[in-house]
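Let me begin by presenting the structure, written as structure tokens, before commenting on it.
Please treat every number below as a calculation from the coordinates, not as lab data. As the structure is a prediction and not an experimental result, all values here were calculated from the model. Cβ coordinates were reconstructed from backbone atoms using ideal geometry, including for glycine residues, and neighbour counts include every protein chain displayed.
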Amino acid sequence: DVKVTQSSRYLVKRTGEKVFLECVQDMDHENMFWYRQDPGLGLRLIYFSYDVKMKEKGDIPEGYSVSREKKERFSLILESASTNQTSMYLCASSLSTLNSPLHFGNGTRLTVT
Amino acid sequence: KNQVEQSPQSLIILEGKNCTLQCNYTVSPFSNLRWYKQDTGRGPVSLTIMTFSENTKSNGRYTATLDADTKQSSLHITASQLSDSASYICVVSESTGKLIFGQGTTLQVKP
């Protein structure tokens, strides 16, 4: 079974802090994604990567950056956390074929105070 | 604009009963439609995928249908169990690979 592991289940950070969310997958998937999930808004794509050192902006990239130095690891960075970034963050990975499912981690609930 | 709309937003049923969740989409060009189940505190897990040529697909007590002409899909759950309590998310893929997510239906199964 594919395993996608997010380093933290819960995080509490202060406004203005730099925040790192880490995600590791163990199935050699090419694609990795970061989503945020908010009530009433569903899942929204922040960034994705289809290869090492490659990244593409999703629908809501403002205030975020990403890093993919190794194929199995995809990091989401909040340069200066703000209260409107309080959310559930979900990492996912997939093969590069069109019908491949997303495999999600269990999420990181980030609270910015 | 490509959109995916799910209904109802939430649903409460008694254990053992059947239910049907709806997904309407306006995504074009269409590639496939996938249903995910998200348990509380977990990430979504794929239940089934429907491609353009498929009308019905079953996965245990879950049966998904697709009508590509009307751009509608349904997820039917038979003989519901307490463990079916979850959010169900419909995701439609464009032929470019871009994914359009529905907002989900929250199902609560009561004993």
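Each residue in segment A:26-46 was checked for being in a strand (DSSP E or B) and either more than 12 Å from every other protein chain (Cβ to nearest Cβ) or hydrophobic (A, V, I, L, M, F, W, C) (or both), and 6 pass.
With the structure loaded, tell me whether B:PHE52 is within 14 Å of chain A (Cβ to nearest Cβ), over 28 Å from A:LYS3 (Cα atoms) and either surrounded by fewer than 14 Cβ atoms within 10 Å (Cβ to Cβ) or in contact with a Lys or Arg (Cβ under 6 Å, 6 or more places away or on another chain) (or both) or whether it fails that test. When the stated conditions are applied, B:PHE52 passes them. Just to be sure, is A:THR15 more than 14 Å from every other protein chain (Cβ to nearest Cβ) and either under 10 Å from the mean Cα position of the chain (by Cα) or closer than 22 Å to B:PHE101 by Cα (or both)? In short, no. Working only within segment B:78-91, note down all residues that are surrounded by fewer than 23 Cβ atoms within 10 Å (Cβ to Cβ) and of a type outside the set (Ser, Thr, Tyr). Once the filter is applied, which keeps residues that are surrounded by fewer than 23 Cβ atoms within 10 Å (Cβ to Cβ) and of a type outside the set (Ser, Thr, Tyr), segment B:78-91 yields B:ALA79, B:GLN81, B:LEU82, B:ASP84, B:ALA86.
Checking each residue in segment A:18-33 for being surrounded by 15 or more Cβ atoms within 10 Å (Cβ to Cβ) and over 11 Å from the mean Cα position of the chain (by Cα) picks out A:VAL19, A:GLN25, A:HIS29, A:GLU30, A:ASN31.
Every test in (1) surrounded by 14 or more Cβ atoms within 10 Å (Cβ to Cβ); (2) within 14 Å of chain B (Cβ to nearest Cβ); (3) in contact with a Gly (Cβ under 8 Å, 6 or more places away or on another chain) is passed by A:ARG9 save one, and that test is (1). Could you tell me whether segment B:97-110 includes any residue that is loosely packed, with under 14 Cβ neighbours inside 10 Å, away from every other protein chain (no Cβ under 12 Å) and touching a residue at least 12 places away in the same chain (Cβ under 8 Å)? Yes, segment B:97-110 contains at least one residue that is loosely packed, with under 14 Cβ neighbours inside 10 Å, away from every other protein chain (no Cβ under 12 Å) and touching a residue at least 12 places away in the same chain (Cβ under 8 Å).
Residue pairs, Cβ under 8 Å, 6 or more apart or interchain, first in segment A:60-71 and more than 24 Å from A:VAL112 (Cα to Cα), second part of a loop (DSSP other than H, G, I, E, B) and of a type in the set (A, V, I, L, M, F, W, C). List them. So the pair list comes out as A:ARG68/A:VAL52; A:ARG68/A:MET54; A:GLU69/A:VAL52; A:LYS70/A:VAL52; A:LYS71/A:VAL52. Among strands (runs of 3 or more DSSP E) entirely within chain B, having at least 3 residues that are closer than 28 Å to A:ARG109 by Cβ singles out B:4-7, B:10-14, B:30-38, B:45-51, B:86-94, B:99-101, B:105-110.
Of the candidates B:TYR25, B:TYR62, B:TYR36, B:TYR88, the single residue that is within 22 Å of A:MET32 (Cβ to Cβ) and either among the aromatic types (Phe, Trp, Tyr) or touching a Lys or Arg at 6+ places or on another chain (Cβ under 8 Å) (or both) is B:TYR36. Could you list, in sequence order, all residues of segment B:1-40 that are free of Cβ contacts under 8 Å to residues at least 40 places away in the same chain and either closer than 15 Å to B:LEU66 by Cβ or among the hydrophobic types (A, V, I, L, M, F, W, C) (or both)? Within segment B:1-40, no residue meets the criteria.
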